[in-house]
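What follows is calculated from the coordinates using simple rules that are stated; it is not laboratory data. Bear in mind the structure is a predicted one, so any value in this text is a computation, not a measurement. Cβ coordinates were reconstructed from backbone atoms using ideal geometry, including for glycine residues, and neighbour counts include every protein chain displayed.
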Amino acid sequence: MVPTSYFVLLSAALFIIGVLGVVVRRNALVVFMSVELMLNAANLALVAFAQRWASANGQIIVFFVITVAAAEVAVGLALLVAIFRNKRTTDIDEISTLKG
Amino acid sequence: MSDLNWIVALIPAFPLLGFLLNALFIRRERAAGLIASGAVVLSFITTLVAIAVLASLGGDAEGSHATRIDFVLWEWISIGDFRVPFGLLFDQLTAVMALLVTGVGSLIHIYSIGYIHGDERPVRFFAYLNLFITAMLFLIMGDNMLLLFLGWEGVGLCSFLLIGHWFDRRSVPPGIVPGEAAVKAFVANRVGDAGMLLAMFAIFSNFGSLNFYDVDPAGDGRIIYGFLSQAANLGGARIDLGILGSIGVMTAITYLLLIGVTGKSAQIPLFVWLPDAMAGPTPVSALIHAATMVTSGVYLMVRTHTLFDNAPTTQGWILAIGMCTALLAATAAVAQFDIKRVLAYSTVSQLGFMVAAVGMGAYVAAIFHLLTHGVFKALLFLGSGSLIHGMHENQDMRKMGGLRHTMPQTYWTYLVGALALAGIVPLAGFWSKDEILAHAWEANKLAAVVLIAASVLTAFYMGRQMALVFYGKPRDHAAEHAHESGPVMLWPLFILAVGSVLVGFINLPSGLGLPHGVLHLLDEWLHPVFTSPGSVPHEALPFNWAIAIVTTLLAVGSGWLGVWLYKDKVASRIKPGKDDPAHYYLGDIWRGMEIAWGFDWFYDRAIVRPYRAVANFLSSVFDAQGIDGVLVDGSARLFGRLAQWFRLSQTGYVRNYALVFLVGVIGVIGYFVLSR
């Protein structure tokens, strides 16, 4: 058995990478991908604990997370398309009309 | 006839009605003049009727039971123990004052019809004249200090309004700004009023009442007790002033009243408003600043004489102030070249005589002089008004001369007035002034000498004035073409001239060999007032031959000297715009006399300028920069800066928001993790 801590550490690392991606990258698509990465990191942690405690609960939650992620991506990409149509750019720094 | 007591309420009601009509409804000059004069004439007639009613009231012949009418209109203030009725007192003292006010007032109103003809605002003038008479009547008819004070303030207000009648003129001869003169009069009066108010507080707190005499306003036995009869009962009560020692209650009250008197009756140190008050129309000067308002201070002291009888320290001060004012103002009157300013300083001087008489306890003499002075000073002022009109609004005596030929009626009446003022027998001024001098000789030799000196100067400046105005040759175009005034203005002069001759006979002294029945008429009439409970009895003095002869000779001599100097000796050196020739001989002394020894200059430097400086500082620095700048604009700017600072966080960048979100999440989780 692989020790659960390895999985959790990997999950944490993936999560942090995702967070950094959201905060640092300017391309909107990359930000979305980073968000997906964060969600998948959470999924990994859930599955790891499901295996550890031999419970199916963790895996059921993963189902929910994946569904939510999918719905969220649909909405997010629709927003991105709408913004791109307006601004002709995916650079999120350009969308600063709430400034001030 | 006591059921006719209500008639005293009509006396002030007529002029009040006249004021209301003129202020609210009347637009034309003719109607205004007739209504105003009619109101005061009616008031005069009512006064005569009221005197008849008063005389018919009971009271034994000894005069120990004081008879008076005290007609209460309603209970004005009733707060616990503090009860003040709106009561109109009509006793012997009020009666003679009311006669003067309404009688001379009527003549002045009638005269004004002629004088104010052609003015820009005649209706306003007549309205305020009537309001003044109303206020003055409330002053002398008030049966308590509060109603008296209402009238006191009222006459001060009307004085302000009437002095500033030509408020839109930048300056009137001899260079006074009417608006400023009006403010000066009011402010000087105000200082006195502060003393009056404090005196009223002291009277109430020590005696429990502001009423002069006992009165039962509602007729139900709840009497408001008068304080005058209690004056001797305070014993040696003293007020503790901490480190300043202590002062007797009576002394304190009378000092405070004296402050009020110096303001209203133009004594040292508050007399400075009266010469400038000549900026008002001449009838105003005659009525307010000669016959009535300025005498209210003397009336106040005589009315509350029981207080003064019990405060000998204050009486000394009153005498000192009176005699110094009399002499100082007389010196100032000698050096004026404006005809009305001479009379103004003369009034201040004569008021000094009256105040000095009060200081000696010679109350009847003071009232006697008040009455005679009211008549002949009004005559002189109205005469000067006639001269000013005849000289086409010129008031400078250096431009006049020889007017006895072109204005004969004014000349003869003015001569009568001048002789009366100088105290030449048998005119009115002789009797009243001599009575004061006789009392002075008994009371305080120094005071007598000072007052005699003032009398000598009085005769001198009147002689000087007569010479400059009526004798000699005209010195100006206007004087050559002067015209006499019309009958509306001349008849009051005639009547007042007759009055100046006769009114002296109301208080003839004993010792002249005259039949007993005509002596001391005023004394006897006023007897009940000065023998009311609490009074200290004063004896009427017999005629003092020595004083009378000496002062009359001195007066005749100095009067003749004044005439001779300015008619013959230096007449050729008097020119419009040039200094009086006496300046050459007396130099700085003459300058000092001209400016009344620098009171105005001192007040200007010591009070007016610092006050204006403080006001300017407060308005342009403290208010504009301090309050507006720091507090108002400053707080606005502060919030602006804060808002700008907060606004820095609203970058509009999604990534910044995400970062903040992240930091918050870390913070919360960290808190939960670390607090286990």
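Quick notes on this one:
- Computed over the stretch B:346-468, the Cα gyration tensor eigenvalues convert (square root of 5λ each) into semi-axes of 30, 13, 11 Å, ordered from largest to smallest.
- Computed FRET value (nearest 0.05) for residue B:446 with residue B:510, which takes r as the C-beta separation and R₀ as 30 Å: 0.65
- Around the Cα centre of the protein assembly as shown, unit charges on the Cβ atoms of Lys, Arg, Asp and Glu (plus for the first two, minus for the last two) sum to a dipole of about 3220 debye.
- Distance (nanometres) between label positions extended 7 Å along Cα→Cβ at residue A:67 and residue B:608: 9.6
- Binning the alpha carbon pair distances of the stretch A:4-91 at 10 angstrom intervals from zero yields the distribution 18, 39, 28, 12, 4, 0, expressed in whole percent.
- At R0 = 41 Å, FRET efficiency that the Cβ-Cβ distance of residue A:10 and residue B:643 yields, to 0.05: 0.30
- If R0 equals 30 Å, the separation of the Cβ atoms of residue B:313 and residue B:595 corresponds to a calculated FRET efficiency of about 0.40.
- Measuring between their Cα centroids, the stretch B:469-489 and the stretch B:157-174 lie 25 Å from each other.
- Across the alpha-carbon set of the stretch B:230-364, the Rg to Rh ratio works out to 1.05, Rh being the Kirkwood radius.
- Only helices enter the 222 nm calculation for chain B: every DSSP H run of n ≥ 4 contributes -39,500 (n - 2.57), and dividing by all residues gives -20000 deg cm²/dmol, rounded to 500.
- Shape call, the stretch B:600-674: gyration tensor on alpha carbons, a/c limit 1.5: prolate
- Radius, Kirkwood style, for the stretch B:577-644 when every pair of distinct Cα atoms is counted (Å): 16.2
- Centre-to-centre, using Cα atoms only, the stretch B:284-362 and the stretch A:1-41 are separated by 106 Å.
- Distance in nm between pseudo-label sites at residue B:635 and residue B:549 (7 Å out along the Cβ direction from Cα): 8.4
- Helix axis angle, B:29-55 relative to chain B longest principal axis, alpha carbon, degrees: 70
- In order through the stretch B:172-182: 3J(HN,Hα) via Karplus (6.51 cos²θ - 1.76 cosθ + 1.60), integer Hz, x for Gly, Pro: 10, x, x, x, 9, 8, x, x, 5, 5, 5
- Each pair of Cα atoms in the stretch B:206-251 enters the Kirkwood radius, and Stokes-Einstein at 37 °C and 0.692 mPa s then converts it into a translational diffusion coefficient of 266 µm²/s.
- The stretch B:242-267-the stretch B:602-676 distance, computed between alpha-carbon centres (Å): 53
- For the stretch B:144-582, diffusion coefficient by Stokes-Einstein and Kirkwood Rh (Cα), 25 °C, 0.890 mPa s, µm²/s: 110
- Binning the C-alpha pair distances of the stretch B:358-410 at 5 Å intervals from 0 yields a P(r) profile of 5, 17, 20, 16, 10, 9, 8, 9, 5, 0 %, listed from the shortest bin outward.
- Where N is the number of residues in the stretch B:114-181, Cα Rg divided by 2.2 N^0.38 Å: 1.29
- Peptide A:21-30 has a mean shielding of 2, counted as Cβ atoms of other protein chains within 10 Å of each residue's Cβ.
- In this rough spin-label picture, where each label sits 7 Å from Cα along the Cβ direction, the residue B:225-residue A:78 distance is 9.9 nm.
- Rounded, prolate or oblate (a/c below 1.5 giving rounded, otherwise prolate when a/b exceeds b/c) for the stretch B:631-676 by Cα gyration tensor: oblate
- More than 53 angstrom apart: percent of Cα pairs within the protein assembly as shown: 34
- Size of charge dipole - chain B - debye, nearest 20, with Cβ of Lys, Arg +1 and Asp, Glu -1, no other charges: 2500
- Total charge dipole magnitude, the stretch A:4-91, about the Cα centre, Cβ charges on Lys, Arg, Asp, Glu only, Debye to nearest 20: 280
- Put simply, the convex hull of the Cα atoms in the stretch B:408-537 casts, on average, a shadow of 11.4 nm².
- Kirkwood Rh and Cα Rg combined as Rg over Rh, evaluated for the stretch B:1-157: 1.03
- Every pair of different Cα atoms in the stretch B:177-271 enters the Kirkwood calculation, which places the hydrodynamic radius at 15.3 Å.
- When the Cα positions of A:45, A:5, A:21 are compared along the charge dipole of chain A, A:21 comes out farthest toward the positive end, with charges on each C-beta of Lys, Arg, Asp and Glu.
- 18 Å cut-off, amide nitrogen to a point 7 angstrom out along residue B:99 Cα→Cβ, residues in the stretch B:422-458: B:427-433
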